[in-house]
Amino acid sequence: GFCRCAHAVFGSNTLKSLLLPLTDVVQRAEIQYPYQIAKLARDYRLASSSGRKLEAGLLLAETIVRSVGVVAAAALVHADPGERDACLSQFSGGISTGAWLSILQEAQGADSLGAYPELDGVSFRKRGVGALLKNCVEIRNRVKHAPGMMTTAEEEDVLGQLEPILFEVLDRSTWLSQYEFLLVRSCVFTGARHEVQANRLNGSHPDWEP
């Protein structure tokens with residue numbers, strides 16, 4: 001009798017927790033955002049020390065820049081198909097986080113925003129998501145170029161600077177959950193169309209992940 005009662009209470013509490021709104025922005029990102037962001041959101045949540053949490057947070061910020069940058073690149077090509085080759089050429093030898101920020105800034109034009117209005121919120125005006133991402137990248141650069149190893153106190157201090165900015169970016173980038181990022185397994189041109197086989201990458205545990 002006690003076991004059945006305890007099981008019922010546990011089941012009830014579990015159901016209630018599932019029905020609660022996802023107010024934790026990291027947990028929401030882990031469940032709803034594209035895989036590349038969701039995976040790092042999970043790594044951030046599970047990090048057991050300030051150093052690991054800082055490393056995961058910086059990687060998460062970089063990945064958000066790249067993910068939003070992909071949408072910005074698509075917006076630029078859509079606005080001016082003639083710029084397709086010029087845009088793609090930036091990826092030929094690898095692309096830095098700073099270059100992704102430049103693409104985001106370039107995509108703030110009226111033509112780009114017409115097809116991708118969600119990018120309007122990624123502005124580089126004060127407190128715009130673009131400006132916040134730039135702040136994250138500046139913190140990342142300071143950490144990466146710092147001389148020697150950081151102390152635990154220094155890691156905690158930098159983490160304290162990063163977290164409020166990163167959380168605001170996550171909270172204001174929910175539109176990313178509507179985009180499907182795909183892991184392409186094959187792409188074949190049949191003469192009439194392209195046939196693509198791919199895995200959908202959303203959430204921190206896609207079906208194909210080991």
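List of remarks:
- Förster radius 25 Å - calculated FRET efficiency between residue 124 and residue 157 (Cβ-Cβ, nearest 0.05): 0.45
- About its Cα centre, the dipole of the stretch 64-210 is roughly 220 debye, where the only charges are +1 on Lys and Arg Cβ and -1 on Asp and Glu Cβ.
- Global geometry of the stretch 69-177, whether rounded, prolate or oblate, following the gyration tensor of its Cα atoms and the 1.5 cut on a/c: oblate
- Compactness of the stretch 55-120 is given as radius of gyration and Dmax, 12.1, 39 Å, from Cα positions.
- Here the simple spin-label model places points 7 Å from the Cα toward Cβ, and for residue 168 and residue 80 these points are separated by 3.1 nm.
- Most tightly packed first, judged by the mean number of other beta-carbon atoms within 10 Å of their residues, the peptides 92-105, 156-169, 31-44, 129-142 read 31-44, 129-142, 156-169, 92-105.
- Amide H contacts of residue 198 (H built 1.01 Å from N, under 5 Å, at least 5 apart or other chain): 185
- Here the calculated FRET efficiency for residue 102 and residue 178, from their Cβ-Cβ distance with R0 = 41 Å, stands at 0.95, rounded to the nearest 0.05.
- Distance in nm between pseudo-label sites at residue 186 and residue 198 (7 Å out along the Cβ direction from Cα): 1.7
Bear in mind these aren't lab numbers, they're just calculated from the coordinates by the rules spelled out. Because the structure is predicted, anything quoted here is derived from the model rather than measured. All Cβ positions, glycine included, derive from the backbone under ideal geometry; neighbour counts span all protein chains shown.
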